[in-house]
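The values are calculated or read from the model by the stated rules, or taken from the named source; none is laboratory data. Small disclaimer: the values here were computed from a predicted structure and weren't measured. Counting neighbours? That spans all protein chains shown, and the Cβs are built from the backbone with ideal geometry, glycine included. Surface accessibility is based on the protein's heavy atoms, side chains included, excluding ligands, DNA and RNA. Shrake-Rupley method; radii C 1.70, N 1.55, O 1.52, S 1.80 Å.
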Amino acid sequence: MIPPRPRRHTVVGIVLLALLASVVASAAVVPALAAPPPRPLCDGCGDSFAEAAAERGVDVTVQHSTATVRVHENGSATWVVRNRLADDAGADRLRSDAGLRTAVADRAMWNTDLLSTAATDDGVVARYRDDDFAERTPGGALRSDAFTESYSLRNLAGLGADELTVVAPDGMHVAATVSGSTRSDDGTRTTLTEFTEDQEGEFVTFVPGDSPAGPLLSLVAVGSAVWLVAAANAVVFLALPTAAFGLLVGALLGGLSWARARSTRPLSRLGERAGAVLTVAGLFVTFGSLFAGVASLFGGSAAPAVGAGVTTTLVGVALSRPAVRDRLSYRTLVVVAAVAVLLAAAVTVAAAVVLRQNGVTRSLLSSLWFFVALFALLPAGYAAGRGDRRLALATAVSGFLVTILPLVPVTTPALGNGLLVALLTLVGGTAVAVVGSPLLTVGASLAADPSNPSDGAAETTRIVD
């Protein structure tokens, strides 16, 4: 039986999904492409204030800076910025010259309106009005995108201040906030002492203090901002790679069915040697990665290959025993695949420590998820051997979805580095399907039985006899 070709509407659907992803993702990142040069979150604080003073010919040193942002019910905010200056000639000039002090403060803080400045014994205090710090969302909550450059015309580079505090409007509490911040006991304010790249892209929300639905209102507030990007990411990172992986596995299943139908040797004979086949393959991968320096795409380390090889060897040794093969079923092989994933992950981490190549890096830990897609091909092959091609495809695709779900950015626009990750996901899926094809074949051979009508080779033998 010739394997069926993909239906025309399936191919057209994938093409339309790709076009939709391009349009939506492009729309989502237009603000990022038009962003101004990098500026700290509080660009009227610290070094930025000193730079603005230098442009006016005043040399000052900021020893400490704080900012307090008081949010109002209409979404506007008042910034109170305090810069403590070293006691020198530059500081004296700013204290004595109100016009110069105003010009420096106005130049330092962008995208706000300067309200006033004042000289203190140890520095300068400036007040600003920010008309667009937050916006009203459905349900009565407020959402601020001041801490993310992905959804506003900003290009953030650090906190700027030594401490920044955001105060909720009267009668409201802080709900969602930036990771690493501290919240006051009464929930009316949140404070940051640093702002790194890992914290960018997070929203701050304010909800009515007496509302029991506060967490839900906060979720709606964030969701109303990120749904478009989340939809684009779902297409780019989930739908397209999964569809490509499903088509590839479907082609492998079709090829396996075609080979079985034309083979003169029952597939069950391979099942008797399945353990030996996996053992040899596992040993080859293990020693090949150790001595030939086979490097993984994830982190440039041989550790994932060692993990896959050692685990495949152990699975092969177990399947070499007839008593084990006689008790196999689809469910038991699903359990075997789950145990194999955990074992492969443990061996990979141990190998990374022992080999001392790149160590246990984030990219290495991310690569561990691909073991799920790899070993899911063993029960998928078994389902195919039993004649249930839909279950086989569902098993393989489910394993791939579990693999890539933790790697999908939910709210980060999927262009630039995001598209590179999506491409690597496609490449990784293709590699899993190709490298895991022996597991697929062995799984099918374990399900084959001379008395099983689904074994095409056995059926042919009976007709000949």
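Quick rundown of the values:
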item	result
For segment 46-210, radius of gyration divided by Kirkwood radius, i.e. Rg to Rh on alpha-carbons	0.99
FRET efficiency estimate (nearest 0.05) - Cβ-Cβ, VAL324 to ASP186, R0 60 angstrom	0.45
Carbon plus sulfur fraction of accessible area for segment 68-210, probe 1.4 Å, in percent	42
Largest-first ordering by accessible area, 1.4 Å probe, given options SER289, SER320	SER320, SER289
Segment 37-147, accessible area per residue, ligands and nucleic acids excluded (1.4 Å, Å²)	45
